Structure formats: structure tokens, C-alpha cells
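Asker: Pasting in a structure now, in C-alpha cells, and then I'll have a few things to ask.
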Amino acid sequence: MAQINIESGKESLTNPLLNIRSLPDKLSEEGALHLELHQGIPVIKASLRVQNRIESLVDKHQESGLSEVETEELDRYEEIDDFLSFLNRVIRNLHGGKTP
């Protein structure tokens, strides 16, 4: 959700979804994201490889727990997922609010 901060009589718009601390190592690889068209509207998604990594981390978390490094990686993926959802909503809204 967007927040409005008023400082020294100036208004600034900030969005916590745009404050990504770092990227997971696997996301920095080429082909980690791909673009699809749904009813003519572009949708940005994680690649199948990245989706499988996230699923693997979630499964391990439920079964035996994650190391500190793995927990941090999963947290980064969650931030990226929130960011991609935000971007896709903006794109969809620019196309008149059609749902793909």
C-alpha cells in the first residue's frame, strides 16, 4: 500500500514494495524472469526454475526447517513476488483493469 509522507511542507509518495533489499542469487541469473501475454496484457513471472527453487525451499521449511541463508533467500523471493505482483497490477490497470 502506498504511503504519503509529509516533510517540510513537501509531499512524497513512497511504496514499501519498491524497497527491495537484495536479490536472491538465482534470480540474478539470465532467464530467471519471463514475460507472458494473457489476453494481450503482458505478465511478468518467475521462470519455472525459480518457481521450483521456491517450492523446494517451502517444502524443506515445512519438513525440516531452513538454514539462516535459506531463510534469507526465501525472504528475498517473497519480496520479489510482492514486487512482481505490484508491477503486474499496474500493467493490468494501465490496460483498463482487465483481468488476465
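Values quoted throughout were computed directly from the atomic coordinates according to the rules given, and no laboratory measurement underlies them. Because the structure is a prediction, the values reported are computed rather than measured. When we count neighbours, we look across all protein chains shown, and the Cβ atoms used for this are built from the backbone with ideal geometry, even at glycine.
Asker: Taking the Cβ of each residue in VAL58, VAL43, VAL50, VAL90 as the centre, tally the other Cβ atoms inside 10 Å and list the residues starting with the fewest.
Answerer: The fewest-first ordering by Cβ neighbours comes to VAL90, VAL58, VAL43, VAL50.
Asker: Then there is this: Give me the Debye-computed log₁₀ of I(q)/I(0) at q = 0.13, 0.14, 0.23 Å⁻¹ for the range 30-100, equal point scatterers on Cα only, no solvent, two decimals.
Answerer: -0.47, -0.53, -0.99
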